[in-house]
Amino acid sequence: MTGPVSDSGGSTLKVLAATTPPPSRELHGRWPAARFRRLGLQTTPGRIRALAAVVVLAIAGFYIVANIAVGNVRDGLRVIGHDAGPQVLATGDLYFALSDMDSQVASILLTGREYSAGTGQQALNRYGQDRARADRAALQAAELSAGDPTDQAAVRSILDGLGQYERLASQAMVLDAQANHPAGPPPRNVIAVYRQATDLMTLELLPPAYNLTLEGGATVREAYVAKRSAVLSGRLWVALAGLAVFAALAGLQFFIAARSRRRLNPALAVATLGLLLLTVSAVRLLSDQAAHLQAAKTSGFDSILTMSRARAISNSLHADESRFLLDPGRADMYELAYLDKSQTVLYVASGNLGEYYTKLSAAIKAYRANPRAVRFLGFYGDEARADPGPAVDAVLSRFLQLQTDDQRIRQLMGAGHDRQAALLFTDRTAGSPGYDFDQYDQAVVSLIAGHRGTFDQMIRAGDRELGRSVFVSWSVLLALAAVGAAVLVAVGVRARLVEYR
Amino acid sequence: MRERATGRRRAVAAAVVALALVLSLASCSAGGPPSIVGKQTLRIGVKADQPGLGLRLPDGKFAGFDVDVALYIAAKLGVRPDHVTFVPVTSATRETALENGSVDMVIATYSITPERETKVAFGGPYYVAHQDTMVRAGDTAIRSVHDLGGKRLCAVAGSNSWKRVTQELSIAAVLVPAASYSACVAMLLDGRVDAVSTDDLILAGFAARAGPAVRIVNAPFSYERYGIGIRKGDLSGCEAVNRAVSQMYLDGTAAALLQKWFGSTRLQLDTYVPQFEGCQ
């Protein structure tokens, strides 16, 4: 009942064909002889064709698996490196500019008619620069949030509110100029307008900016978790698919070699070698990319996010200090907010501000003596544990200086020296509290810049490797290799099939 | 041949199982504490004795602003209202309830403080209240928190409010311990304490009940950011809660709920999404 078998190779197929079950089994449709006949599997050319088809299918499978894995790498790099990552930086800048605008307005109102000290004009200039910065950062944030209606609505509401804020701020400054008061808290009518402005800023403008930063952080975290594990499991799939292609090619090669005198089929050998090389380099690419994503996230982005938040909260606690001086009616509120925010930035257990100054100084002293003993929590606790070094040390020293200045200013206020406290706070000459705050902010900015360097480097490395495998991008290379291998298999098989005609 | 075929089939099946195992191991590497995301049911801790915020009614059901916020957030997390169980918590039991897992979430006038953040994680805040002081109507001597020096102030176990007065502002009030704010109000009315100082939203609810017998001095002195307490380390839960709170403000639900529960009071209600604490 079996068809003529053209050689005596002991292949499994032959055994199967020779012992085909009785026709009753054919009704159940399991490996029926008729089906073999239809496929032509009982002849050597038929079997070669079938094996070649298996090889091509395996190549197609490899292509699909590798393409998905490379796609995951591309998505990961895009979200982390080009969308949400930069969004965090842009919205961080936006928060800083907005918050600093309010601080400068408070400084101007606190200086009063003692404007000639030069501080007033400086504050006014800086207010203008902040405004321009806020516009630039908002524009950038709007571009980056394209496609996300919730984020875009948030940016729009910030820009809308900013116009209103400016009107209220200039109104307060005009009233303040008319009041012609000495340095210190301005008259009630000025405070009333400033309250409207600062409430608008802290209730309507700053929260969406900060929340956008957080949302960017959440997006990066989610993309990282999903894409990194997808890339790693993709690596496994690529290796398995490569192995399957290799096995199928080896099988075909072996079958052909056994049926002909030729030991090697050059076309198939080239295809095998090429696909082996491709598998190894694809696995390497995926390993490297998973490592790039990990480094970009853990050595770059995590610290960028933590420090951007620390910078935002620091600016807002500095603004609370100015509001404390400006608005005695809300002094308690602003002082408690200052303490809460200081604790968020650097936490040491303490019941009140006086205790905080003492405990902070002790904790930083202990840290300087032994940088591995981080006895504080909060943003700087995280950062000091994650990435200790001179950049963190500089930030900590200057934060301590900031708190020491704050203590001096509050002592003056407590003793009833409102004017001296206001003049001390608004002073920006070297060694003054205003100068110290700028120095502190600079230290935070350079710490962020350091991590940004790592982040950008990793993302660039990822982009580069993905974009250029040898001469072309990985997507193109995979497509070319798959088509090329299939063509080689066809060529190699055809040369043998011709002999059977 | 039959044996051979089944043997091969077995081998294939074994290979498939092995592959599936390897792949599932590879994808399960991201561990962490159990998250509130993906849960079918939620146990949410709320106050049982604070009118307007979290109050247990005679029929055993809970009602108030916090309860409505909890139901909204649960819905955004994909949990139907009938799959939400409310569990009464007090100021003193909130951290423990989260830590030992008897609740999944706490929405109970729970101010975010740096100290509490060392134990639990906070989503939100979903509202920013202000601490104020309530006295007996006839008491005109207390006009701001600074007038509490030497006065008897109610101190609820586990609450942050009295610490704000005696520790943070160093005002030498005489603390009288109590278990809850409803107990404080009773003590204020019968003269065992001179003042109850806590968040304006809480005071408003009690003042509406006590009527003309009490007076809120209307001198707010702090920002109380009401957080949604969840277990520490549940990052995806915290992020999901924040998105839900954003939505609640964006779709007008927050404004409607504030109006529903506090519209009749003199409180100034803020209807803008608060600045979130952030998830860590």
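The values are calculated or read from the model by the stated rules, or taken from the named source; none is laboratory data. Since we're looking at a predicted model, the values are computed, not measured. Because the Cβ atoms are built from the backbone with ideal geometry, glycine has one as well, and the counts that use them run over all protein chains shown.
A few remarks follow.
- Screening B:Ser159 with (1) in contact with a Phe, Trp or Tyr (Cβ under 9 Å, 6 or more places away or on another chain); (2) without any contact (Cβ under 8 Å) to a residue 40 or more places away in the chain; (3) part of a loop (DSSP other than H, G, I, E, B) gives one miss only, at (2).
- Residues located in the stretch B:99-114, provided they are buried (at least 24 other Cβ atoms within 10 Å of the Cβ) and not hydroxyl-bearing (Ser, Thr, Tyr): B:Val103, B:Asp104, B:Met105, B:Val106, B:Ile107, B:Ala108, B:Ile112
- Residue ID - nearest to A:Arg221 (Cα to Cα), chosen from residues in the stretch B:264-278 that are touching a Leu at 6+ places or on another chain (Cβ under 8 Å) and more than 7 Å from chain A (Cβ to nearest Cβ): B:Thr271
- Residues within the stretch B:259-280 that are of a type in the set (A, V, I, L, M) and buried (at least 18 other Cβ atoms within 10 Å of the Cβ), tallied: 2
- Residue match in the stretch A:54-61 (condition: under 17 Å from A:Leu286 (Cβ atoms) and in contact (Cβ under 8 Å) with a residue 40 or more places away in the chain): yes
- In the stretch B:105-139, the residues that are within 19 Å of B:Arg243 (Cα to Cα), part of a loop (DSSP other than H, G, I, E, B) and within 13 Å of another protein chain (Cβ to nearest Cβ): B:Ile112
- Within the option set A:Ala123, A:Ala106, being of a type in the set (Gly, Ala, Ser), over 30 Å from A:Gln294 (Cα atoms) and at pLDDT below 90 holds for one residue only, A:Ala123.
- Residue match in the stretch A:178-186 (condition: touching a Lys or Arg at 6+ places or on another chain (Cβ under 8 Å), in a helix (DSSP H, G or I) and among the hydrophobic types (A, V, I, L, M, F, W, C)): no
- Number of positions in the stretch A:335-388 that are surrounded by 22 or more Cβ atoms within 10 Å (Cβ to Cβ) and modelled with pLDDT under 90: 0
- A search for C-beta distances below 8 Å between a residue of the stretch A:295-310 that is not assigned by TED's automatic domain parsing to the domain that holds A:Phe379 and any residue that is crowded, with 24+ Cβ neighbours inside 10 Å and modelled with pLDDT of 90 or more, counting only pairs 6+ apart in sequence or on different chains, returns nothing.
- Restricting the stretch A:315-341 to residues that are more than 9 Å from chain B (Cβ to nearest Cβ) and among the hydroxyl-bearing types (Ser, Thr, Tyr), the residue that is nearest to B:Arg116 (Cα to Cα) is A:Tyr338.
- When A:Val270, A:Val238, A:Val283, A:Val193 are screened for being in contact with a Lys or Arg (Cβ under 7 Å, 6 or more places away or on another chain) and in a helix (DSSP H, G or I), only A:Val283 passes.
- One residue stands out in the stretch B:78-104 among those that are among the small types (Gly, Ala, Ser) and assigned to a loop (DSSP other than H, G, I, E, B): the one that is farthest from the chain's Cα centre (by Cα), namely B:Gly78.
- Conditions (1) part of a helix (DSSP H, G or I); (2) aliphatic (A, V, I, L, M); (3) surrounded by 15 or more Cβ atoms within 10 Å (Cβ to Cβ): number failed by A:Ala247: (3)
- Scanning the stretch B:213-227 finds one or more residues that are touching a Leu at 6+ places or on another chain (Cβ under 6 Å), in contact (Cβ under 8 Å) with a residue 60 or more places away in the chain, among the hydroxyl-bearing types (Ser, Thr, Tyr) and within 12 Å of another protein chain (Cβ to nearest Cβ).
- Test for A:Ile48: is it in a helix (DSSP H, G or I), among the aliphatic types (A, V, I, L, M), modelled with pLDDT under 90 and surrounded by fewer than 22 Cβ atoms within 10 Å (Cβ to Cβ): yes
- The stretch B:140-191: number of residues that are within 14 Å of chain A (Cβ to nearest Cβ) and among the β-branched types (Val, Ile, Thr): 4
- One residue alone among A:Leu424, A:Leu477, A:Leu466 is surrounded by fewer than 22 Cβ atoms within 10 Å (Cβ to Cβ) and touching a Pro at 6+ places or on another chain (Cβ under 7 Å), and that residue is A:Leu424.
- Restricted to the stretch A:330-422, the set of helices (runs of 4 or more DSSP H) holding at least 3 residues that are without any contact (Cβ under 8 Å) to a residue 24 or more places away in the chain, in the same structural domain as A:Met307 (by TED's automatic domain parsing) and not aromatic (Phe, Trp, Tyr) comprises A:331-345, A:353-369, A:390-414.
- Any hit, the stretch A:270-293, residues being more than 12 Å from every other protein chain (Cβ to nearest Cβ) and closer than 30 Å to B:Ser246 by Cβ: yes
- Residue in the stretch A:208-229 that is more than 7 Å from chain B (Cβ to nearest Cβ), more than 30 Å from B:Tyr249 (Cα to Cα) and either assigned to a helix (DSSP H, G or I) or without any contact (Cβ under 8 Å) to a residue 12 or more places away in the chain (or both) present: yes
- Whichever residue in the stretch A:230-258 is among the small types (Gly, Ala, Ser) and within 14 Å of chain B (Cβ to nearest Cβ) and, among such residues, is farthest from A:Ile48 (Cα to Cα): A:Ala230
- Residue match in the stretch B:240-250 (condition: touching a Cys at 6+ places or on another chain (Cβ under 6 Å) and within 14 Å of another protein chain (Cβ to nearest Cβ)): no
- The stretch B:198-233, residues that are touching a helix residue (DSSP H, G or I) at 6+ places or on another chain (Cβ under 7 Å), buried (at least 22 other Cβ atoms within 10 Å of the Cβ) and part of a helix (DSSP H, G or I): B:Leu201, B:Ile202, B:Ala204, B:Phe206
- Condition check for A:Val445: part of a helix (DSSP H, G or I), at pLDDT below 90, surrounded by fewer than 22 Cβ atoms within 10 Å (Cβ to Cβ) and among the β-branched types (Val, Ile, Thr): no
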